[in-house]
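Working notes for the structure below.
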Amino acid sequence: MSFGVVPRSGNQTLHLWPNHVPATKIGGGGGGSWRVAQRRREGSWSAGLSSSSFRTRAAVEERGFVAAKGSFYELLGISEGGSYDEIKKAYKQLARKYHPDVSPPDRTEEYTRRFIEVQEAYETLSDPGRRALYDRDLARGLHLAFSTRKRFDEELEERSGWRNHWQDQIAELKRRSMNKDAGENLSWGARMRRQRAESSVE
Amino acid sequence: MPSLLCPHWLGGADLHSHQHQYRLLKTRKRPCVCASLSEHGEYHSQRPPTPLLDTINYPIHMKNLSIKELKQLGDELRSDIIFHVSKTGGHLGSSLGVVELTVALHHVFNAPQDKILWDVGHQSYPHKILTGRRDKMPTLRQTNGLSGFTKRSESEYDSFGAGHSSTSISAALGMAVGRDLKGRKNNVIAVIGDGAMTAGQAYEAMNNAGYLDSDMIVILNDNKQVSLPTANLDGPIPPVGALSSALSRLQSSRPLRELREVAKGVTKQIGGSMHKLAAKVDEYARGMISGSGSTLFEELGLYYIGPVDGHNMDDLVTILKEVKSTKTTGPVFIHVVTEKGRGYPYAERAADKYHGVAKFDPSTGKQFKSSTKTQSYTNYFAEALISEAEVDKDIVAIHAAMGGGTGLNYFLRRFPTRCFDVGIAEQHAVTFAAGLACEGLKPFCAIYSSFLQRAYDQVIHDVDLQKLPVRFAMDRAGLVGADGPTHCGSFDVTYMACLPNMVVMAPSDEAELFHMVATAAAIDDRPSCFRYPRGNGVGVPLPAGNKGVPLEVGKGRILIEGERVALLGYGAAVQGCLAAASLLEEHSLKVTVADARFCKPLDHALIRSLARSHELLITVEEGSIGGFGSHVAQFMSLDGLLDGTTKWRPVVLPDRYIDHGSPADQLSEAGLTPSHIAATVFNILGQTREALEIMS
């Protein structure tokens with residue numbers, strides 16, 4: 001799902017990929033600022049989560065995201081056991097309410113911000129895997145800032161995607177190396193390699 | 001993702017029989033190793049069992065291992081490193097982060113014919129263990145023991161010595177070109193971290209490498225720090241500089257990947273002839289979509305591969321094998337992503353990732369820091385600067401990726417907008433400070449004496465020549481102990497005092513340090529510098545309110561009044577003079593001890609009075625020839641003070657590099673201990689018997 005929405009004021013574009021939320025203030029200036037979640041890692045975090053949580057926290061502070069004031073459930077106005085339909089309905093209602101295009105002109109920034117929050121809430125809660133993780137965090141009293149958990153999952157996914165990437169790069173390297181020392185290549189290295197090849201043939 | 005391996009106690013059997021069994025049994029029980037991410041750390045104070053590592057003395061023993069065995073080797077190597085560093089202290093986090101990379105490199109390449117260069121060298125512990133120095137690891141960073149960095153004279157497997165950063169690519173290019181000229185065929189690989197990539201020299205080297213197009217491999221070890229994690233007291237801060245965001249973009253170039261998937265799908269359907277077109281699209285896409293990421297290195301002429309998971313043995317070995325087997329690659333740049341301190345939960349969680357540690361207890365991660373009565377000079381400097389900055393809003397501090405090492409992490413906490421970490425870029429730091437000074441600010445550049453060497457032209461050309469009031473706080477002056485000659489600040493008196501406009505001073509104790517910080521803050525019409533050693537203060541009372549009082553420039557002080565012999569010390573050497581004086585007094589010779597405080601401008605009156613009332617004047621400093629003593633000698637001869645019967649003798653660091661070791665051993669090797677000074681006095685006076693008595 002993509003939204004090519006441009007907030008009325010300000011110069012930030014909502015990206016085509018809703019997962020990527022810019023880490024700066026939306027629309028510049030005005031009320032409220034993004035605060036970084038300052039969470040100290042206390043001993044209560046469990047073993048299996050340790051390194052992942054640390055990365056999550058690092059992601060928070062790296063990208064400067066704000067601490068959620070309430071949980072996603074509170075934001076959408078539904079109970080924690082809400083069904084998918086409820087979530088969807090709440091989301092649609094709120095999205096319509098906070099959509100920048102229909103916001104009152106003097107509160108565009110705030111509404112846009114809300115819109116993004118609502119959007120993220122929906123993304124997390126509508127995906128059963130993500131929701132499970134979010135619920136678990138919530139149960140621990142952990143109000144992870146928006147997007148951090150998601151960002152961590154993305155990171156995991158990205159890492160497994162890296163392999164495809166570098167496999168292509170290696171293939172390209174091999175392809176290039178076929179022609180690398182052709183006559184036109186006048187670099188010092190190419191000339192030396194040609195020289196060496198010639199002298200080893202003799 | 002981390003793997004949880006259970007500990008496996010090999011009972012009481014000795015290692016030899018295990019090695020034997022290991023070889024005989026093809027189907028052996030699953031060997032477990034205890035270094036990985038176990039929250040209930042099974043880290044031992046005794047030597048952890050390392051059956052596979054025990055069979056490896058040199059990289060050649062690794063050639064026939066399978067990937068699974070390599071992984072096991074990596075885990076055992078981790079336990080070994082944790083165990084050894086816990087006993088000796090050293091750089092832990094960085095070494096843990098490159099375990100898989102080191103194993104993969106030695107498995108695929110053939111050191112020492114293939115040259116592997118480790119930038120800085122502090123992450124080379126796994127490399128040393130795998131290249132025949134495992135049994136010497138208990139001597140790490142100790143006198144006559146293994147160096148904490150790579151060192152050519154230590155082993156043929158250490159291709160290039162290091163200690164300062166960002167030199168590896170330059171050296172590797174030199175080795176690659178040398179190989180080409182000699183007609184040899186080995187591989188050359190440089191491993192450099194993302195922190196070291198902030199230095200200009202790395203780019204100078206890559207630029208040249210791209211131009212020359214010689215075959216070589218540059219591996220970027222990216223652990224997303226881009227500034228030492230000691231820089232901030234309160235936890236990790238966003239990395240320094242724009243480079244890190246470029247690197248992160250590289251790591252997360254999803255849009256490019258998606259486009260590529262689409263393109264691959266299209267190609268599959270249409271067939272082989274589209275391959276060329278798809279490749280073109282690929283190149284185009286790289287340029288457009290991944291932004292200024294991979295194209296930065298590609299523009300410099302290196303072929304970019306990555307990002308690669310630096311803890312996945314499979315991936316690493318595959319890539320390295322592929323690159324090795326490709327003839328004529330030109331310079332290749334492999335971007336490997338690692339985690340500093342990986343495999344030891346205490347390190348992973350620590351804010352400083354256990355970058356440099358003292359001895360510690362492996363099972364709890366607690367470092368054994370001896371409690372001392374006084375703090376380090378570094379801490380005193382930070383306190384002094386903070387006190388000055390409280391009253392003077394113009395004081396700002398600059399350091400080059402050494403927030404922890406210079407104490408400026410405290411300054412950062414107190415004045416978040418007045419502390420600048422420029423990354424490993426000393427040259428830029430100095431000229432940046434010069435620019436700040438132009439605008440009326442009072443910049444304090446805190447750069448280690450040996451690291452400032454890199455920025456010498458900037459000190460001369462940008463600061464001294466234009467007489468800009470930049471203050472240089474040179475920590476780690478003199479001998480530095482375990483870090484060795486690369487970090488030794490022997491030359492700063494020489495290279496600073498010869499500059500026409502520079503005020504050069506050195507505190508003899510921590511109270512003097514406070515006063516000199518105040519003096520430097522007050523000197524606003526010319527550059528100034530002061531040097532102080534590694535180590536703790538001597539225990540003198542600190543000035544009131546931790547705020548120093550500016551000293552009169554060019555005035556020293558006399559500490560002990562005596563006769564016949566005057567010991568004129570500069571900086572921390574004054575403490576050695578005081579100790580020597582008490583040794584001499586036991587032999588009924590009461591000597592004068594003076595603290596010169598300033599090398600430039602010299603206290604002429606003090607020197608004249610000492611020369612006229614003593615038959616022997618000895619200048620003592622922990623620096624090389626050409627420093628304080630030379631300036632005194634120059635003055636004395638010009639002033640006619642040497643035309644009579646007065647003798648002048650210098651005590652300086654000898655004309656050779658002093659190897660790493662304990663500070664006491666180094667002083668002794670250099671001939672600068674109080675005993676040496678006292679013996680020198682007697683020798684010159686002709687009382688050789690007393691001299692021998694003192695030295696025995």
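The values are calculated or read from the model by the stated rules, or taken from the named source; none is laboratory data. This is a predicted model, so every value here is computed, not measured. Cβ placement follows ideal geometry from the backbone for every residue including glycine, while neighbour counts extend to all protein chains displayed.
Does any residue of segment B:481-495 turn out to be within 16 Å of B:R597 (Cβ to Cβ), touching a Pro at 6+ places or on another chain (Cβ under 9 Å) and of a type in the set (A, V, I, L, M, F, W, C)? Looking for residues that are within 16 Å of B:R597 (Cβ to Cβ), touching a Pro at 6+ places or on another chain (Cβ under 9 Å) and of a type in the set (A, V, I, L, M, F, W, C), one finds none in segment B:481-495, hence no. Of all the residues in segment B:317-330, those that are crowded, with 20+ Cβ neighbours inside 10 Å, facing chain A (nearest Cβ under 10 Å) and either under 29 Å from B:G403 (Cβ atoms) or out of contact with any Asp or Glu (no Cβ under 7 Å at 6 or more places or on another chain) (or both) number 2.
Where helices (runs of 4 or more DSSP H) fall wholly inside segment B:47-141, the ranges with 3 or more residues that are under 18 Å from B:K353 (Cβ atoms) are B:67-88, B:93-97, B:99-108. Of all residues in segment B:134-152, those that are closer than 14 Å to B:P485 by Cβ have Cβ atoms under 6 Å from Cβ atoms of residues that are of a type in the set (D, E) and not in a loop (DSSP other than H, G, I, E, B), 6 or more apart or on another chain, in B:T143/B:D665.
In segment B:348-358, the condition of being over 18 Å from B:R534 (Cβ atoms), within 14 Å of chain A (Cβ to nearest Cβ) and not in a loop (DSSP other than H, G, I, E, B) is met by at least one residue. B:A172 falls short of the stated requirement of being under 16 Å from A:M192 (Cα atoms) and out of contact with any helix residue (DSSP H, G or I) (no Cβ under 7 Å at 6 or more places or on another chain).
Screening B:K467 against (1) of a type in the set (D, E, K, R); (2) in contact (Cβ under 8 Å) with a residue 60 or more places away in the chain; (3) touching a Lys or Arg at 6+ places or on another chain (Cβ under 8 Å); (4) buried (at least 20 other Cβ atoms within 10 Å of the Cβ) leaves a single unmet condition, (4).
Looking at B:G310, is it more than 10 Å from chain A (Cβ to nearest Cβ), modelled with pLDDT under 55, within 30 Å of the chain's Cα centre (by Cα) and surrounded by 18 or more Cβ atoms within 10 Å (Cβ to Cβ)?
When the stated conditions are applied, B:G310 does not pass them.
B:I237 falls short on exactly one of the conditions (1) within 22 Å of B:H428 (Cβ to Cβ); (2) surrounded by fewer than 24 Cβ atoms within 10 Å (Cβ to Cβ); (3) at pLDDT below 95; (4) more than 9 Å from chain A (Cβ to nearest Cβ), and that condition is (4).
Free of Cβ contacts under 8 Å to residues at least 40 places away in the same chain, within 25 Å of B:V504 (Cα to Cα) and either crowded, with 17+ Cβ neighbours inside 10 Å or within 32 Å of the chain's Cα centre (by Cα) (or both): which single residue out of B:V574, B:V540 fits that description? Lay out the reasoning, then the answer.
Values: B:V574 fails: free of Cβ contacts under 8 Å to residues at least 40 places away in the same chain.
The conditions single out B:V540.
Looking at this structure, is B:L672 closer than 22 Å to B:N536 by Cα and either out of contact with any strand residue (DSSP E or B) (no Cβ under 6 Å at 6 or more places or on another chain) or assigned to a helix (DSSP H, G or I) (or both)? Answer is yes for this residue. Does B:F83 qualify as being surrounded by fewer than 24 Cβ atoms within 10 Å (Cβ to Cβ), in the same structural domain as B:G341 (by the TED database) and over 24 Å from B:D194 (Cα atoms)? Taking the combined requirement at face value, the residue satisfies it.
When segment A:77-94 is filtered for residues that are part of a helix (DSSP H, G or I) and touching a helix residue (DSSP H, G or I) at 6+ places or on another chain (Cβ under 6 Å), the ones remaining, listed by number, are A:I87, A:A90, A:Y91, A:L94.
Screening B:F109 on (1) over 28 Å from B:P663 (Cβ atoms); (2) buried (at least 23 other Cβ atoms within 10 Å of the Cβ) shows it passes everything except condition (2).
Name every residue in segment A:170-202 that is acidic (D, E) and within 29 Å of B:T318 (Cα to Cα), in order of residue number. Answer for segment A:170-202, where residues must be acidic (D, E) and within 29 Å of B:T318 (Cα to Cα): A:E172, A:D181.
Please enumerate the residues belonging to segment B:483-531 that are in contact with a strand residue (DSSP E or B) (Cβ under 6 Å, 6 or more places away or on another chain), closer than 30 Å to B:N144 by Cα and of a type in the set (S, T, Y). Within segment B:483-531, just B:S508 meets the criteria.
Residues in segment B:502-537 that are within 30 Å of B:S370 (Cβ to Cβ) and touching a helix residue (DSSP H, G or I) at 6+ places or on another chain (Cβ under 6 Å): B:P507, B:S508, B:E510, B:L513, B:F514, B:V517, B:F530, B:R531, B:Y532, B:G537. Across segment B:174-183, not a single residue is classified as of a type outside the set (D, E, K, R) and away from chain A (no Cβ under 14 Å).
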